[in-house]
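For reference, the structure is listed below as structure tokens.
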Amino acid sequence: MRFIVYQAGRFWWWVQQGANSNVVLVAVTAWYAWLTFRLLRWNSAQTKEQFRPTFQLTVTRSPVDPSEGHYSIQNVGERSSKILDALVTCYVDGPRHSRLQLDDAQGLIFPPGQTISGIFPMPMRTDEWVICTFRVVGSDHGELAFRTYEYWSNVNKTLVSARRPLRIVLRMWMSPIRMPYFKITHWSSRSRMRKAFVAACAIACLFLVYTFLRS
């Protein structure tokens, strides 16, 4: 106990020195700034968790046709969500048997309580080596809070992740670039003069890049 009191006295003497008090002030200010940053980060994470989509996925075999499977997506959350991607894949003994990309569901606003269902090709075999996966990527309206669901039929479990697949990340990153490209392509395809103008602009850009690289 005497050692602790002695060390505390030395620290207080060090603080009372004029040059060291500024160092302590900077350290205390940095500590408070760090605590404020952690608090804001925690509040942002809590807000994102409230806006993340909540889905329930199911994959079943049709009782009438064994070669036909049924999938369904239900929004069991309290808020409307947006579907960014949906993919059903079936495997038999490892290799892929069928794959269905739900293009109609991409970009769909999903109100609470609504269910989306459909059919997909399924192998006739019913043993344990037939595995079907159903992956759905959703977000809020502003595409700021994401959640990925992946259902596995062999274990009847759904894996949930707050991350997006790399394919979805790249597609969202390329969207602002692809839209002007498609608009220019559609505009230039209406007449030969527009095609020649776009081709001349492309050649001029390539010439400028070539000149810049040679310099």
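No lab work stands behind these numbers, since they all come straight from the coordinates. Note that the structure is predicted; figures quoted are calculated from it, not measured. Virtual Cβ from ideal backbone geometry, glycine too; neighbours counted across all protein chains shown.
So here's what we get for this one:
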| quantity | calculated |
| --- | --- |
| Charge context of Leu159, other residues only, Cβ under 10 angstrom, K/R +1, D/E -1 | +1 |
| Estimated distance in nm for a label pair at Val169 and Asp104, the labels positioned 7 Å out from Cα along Cα-to-Cβ | 3.2 |
| Net charge of neighbours whose Cβ lies under 14 Å from the Cβ of Ile109, counting Lys and Arg as +1 and Asp and Glu as -1 | -1 |
| Whole-angstrom gap from the range 99-120 to the range 28-75, using each part's C-alpha centre | 17 |
